[in-house]
């Protein structure tokens, strides 16, 4: 089944404790992206990757890192999480970035206390 | 700037009615538009898309209309069902083509 998977689905952590949210797609997509979703603000892009070893900042990259060592994986790293990073996170992928539907993962709900 | 907005945050309809969800976009250079449906606790799910060289596109029970003159996008759902209850987002490509810009969403509630 073609899908985007994320882990963990739910995470509660404390300020400053490094964490990684994994994202994997099995569709051989070149483009992958991370979004955060907050009430009243909608979906905002954090980082994206056009292909392996090619990543770039989205609209709200502060406090996040990403890597793209393999085509299928695009982990999101929070080196020192803060409470303002409490949010719902979605990973998405598409065959190409422009003019293509993006497939979304099920989401990761992160709470930073 | 580039932004996509929706006219109404909520829409309530009766089962069997036709629903129309509207979206205004600001970037006249946008080339691709897409509608997503998001149910509670799930990721956005693709509904239908349309390119700027088209005015209308139909899917199963859904139709998307694009009016480039007034930069308006709409999603029509025929014979709305309780299972259609969700948040609906419109989105557009940026000029750089590296991200989708999402509107804030319309919550559709269908009562039976």
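Every read-out reported here was derived from the displayed coordinates using simple, explicitly stated rules and does not represent laboratory data. Remember, it's a predicted structure, so these values are computed and weren't measured experimentally. Methodologically, a virtual Cβ is constructed for each residue, glycine included, from the backbone with ideal geometry; neighbour enumeration extends over all protein chains shown.
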> In whole Å, what are the Cα extents of chain A along the three principal axes, biggest one first?
Replying inline: 36, 30, 27
>> Could you work out the pair-distance distribution P(r) of chain B from its alpha-carbon pairs, with 5 angstrom bin width and percents rounded to whole numbers?
In response: 2, 13, 24, 25, 19, 10, 5, 1, 0
> Counting only other chains, what is the mean number of Cβ atoms within 10 angstrom of the Cβ of each residue in peptide B:33-46?
Replying inline: 4
>> Just checking the output field for B:99-108: average partner chain Cβ neighbours within 10 Å of each residue's Cβ?
In response: 5
>> Give me the three principal axis extents of the protein assembly as shown from the C-alpha atoms, as integers in angstrom, largest value leading.
In response: 49, 37, 37
> Stretched out fully, how many nm does the piece from residue B:107 to residue B:70 gain, at 0.36 nm a residue minus the Cα gap?
Replying inline: 11.0 nm
> Taking the Cα atoms of the range A:68-113 alone, what are Rg (to one decimal) and Dmax (as a whole number) in Å?
Replying inline: 13.1, 38
>> Need one value for A:101-109: mean number of C-beta atoms belonging to other chains within 10 Å of its residues' C-beta atoms.
In response: 4
